[in-house]
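Okay, so here's the structure we're looking at.
The values are calculated or read from the model by the stated rules, or taken from the named source; none is laboratory data. Note that the coordinates shown come from a computational prediction; the quantities given were computed from them, not determined experimentally. When we count neighbours, we look across all protein chains shown, and the Cβ atoms used for this are built from the backbone with ideal geometry, even at glycine. Just the protein is used for accessible areas: all its heavy atoms, side chains included, with ligands, DNA and RNA removed. Shrake-Rupley method; radii C 1.70, N 1.55, O 1.52, S 1.80 Å.
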Amino acid sequence: MKVFMGNLSGKINQISCFFLIFFFVIAFLSTVYQVISRFILQSLMVKNALPMVDFSIFNLTWIEELIRYLFVWIVFLGIGIVYKSKGHAQVEILHHYLPEIFKNKLLAFIEIVNTFLFLFLIVYGWSILKFTSQQISPSLGINMTFIYGAVLICSLSCLVHSSVHLLGLVSIKNVKEDVYEEIHKNTNI
């Protein structure tokens, strides 16, 4: 089970990284295009140099909405990627001062709380998708389910990553108990 979930977590992370990079490249190129079309092609210098050309046709209004939605997806995909690598900001003072025996219990408790949070977000995210299925974005004309789906996808990926972290903590506990029993058995000989 741990191997399957670990492989699934790794695959989800690879796919998330691919889409994050892809969306970021599209957002970057769209932003550069928007800056060029607004501030260079609409400048007085270009208008005076080429008065017969109307460069306003190159100013696409839907690009701003596209960039905004791409950044929403970038943030939510990034949440899953960072959660997998345990890179989120956290308060470690309690973990730092606890005895070793309680550290893994605290980490397991945190992962259990996170798991319930992700399950709540999955249920809530699904209800948001049902609610927004009839909404259309103003400029792009796409269904808002594609935008709000980022919450559901992020929650699902974080749930898988959290399960892998939790299984890792349980297996570490089992390994430590096995080592302890082996040491205890060898000392009684």
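General remarks:
- In the stretch 96-119, the residues that are farther than 20 Å from residue 85 by Cβ, out of contact with any helix residue (DSSP H, G or I) (no Cβ under 9 Å at 6 or more places or on another chain) and aliphatic (A, V, I, L, M): 101
- Pairs, first more than 11 Å from residue 30 (Cβ to Cβ) and touching a residue at least 40 places away in the same chain (Cβ under 8 Å) in the stretch 61-84, second open to solvent by 50 Å² or more (accessible area, probe 1.4 Å) and of a type outside the set (A, V, I, L, M, F, W, C), C-beta under 7 Å, six or more apart: 61/139
- Apart from one condition, residue 116 fits all of (1) closer than 23 Å to residue 4 by Cβ; (2) open to solvent by 30 Å² or more (accessible area, probe 1.4 Å); (3) in contact (Cβ under 8 Å) with a residue 24 or more places away in the chain; the exception is (3).
- Residue that is farthest from residue 115 (Cα to Cα) [pool: residues in the stretch 51-87 that are modelled with pLDDT under 90 and aliphatic (A, V, I, L, M)]: 52
- Scope the stretch 147-161; condition touching a residue at least 24 places away in the same chain (Cβ under 8 Å) and farther than 17 Å from residue 15 by Cα; matching residues: 147
- In the condition set (1) free of Cβ contacts under 8 Å to residues at least 12 places away in the same chain; (2) part of a helix (DSSP H, G or I), residue 27 is compliant with all but (1).
- Where residue 152 falls short, out of the listed (1) under 21 Å from residue 16 (Cβ atoms); (2) over 13 Å from the mean Cα position of the chain (by Cα); (3) surrounded by 16 or more Cβ atoms within 10 Å (Cβ to Cβ); (4) of a type outside the set (Val, Ile, Thr): (2)
- Tabulated pairs, the stretch 34-60, first open to solvent by 70 Å² or more (accessible area, probe 1.4 Å), second not in a loop (DSSP other than H, G, I, E, B), C-beta under 7 angstrom, 6+ apart or interchain: 40/46; 58/37
- Across the stretch 13-33, the qualifying residues are those that are farther than 30 Å from residue 163 by Cα and hydroxyl-bearing (Ser, Thr, Tyr), and the one among them that is least open to solvent (accessible area, probe 1.4 Å) is 30.
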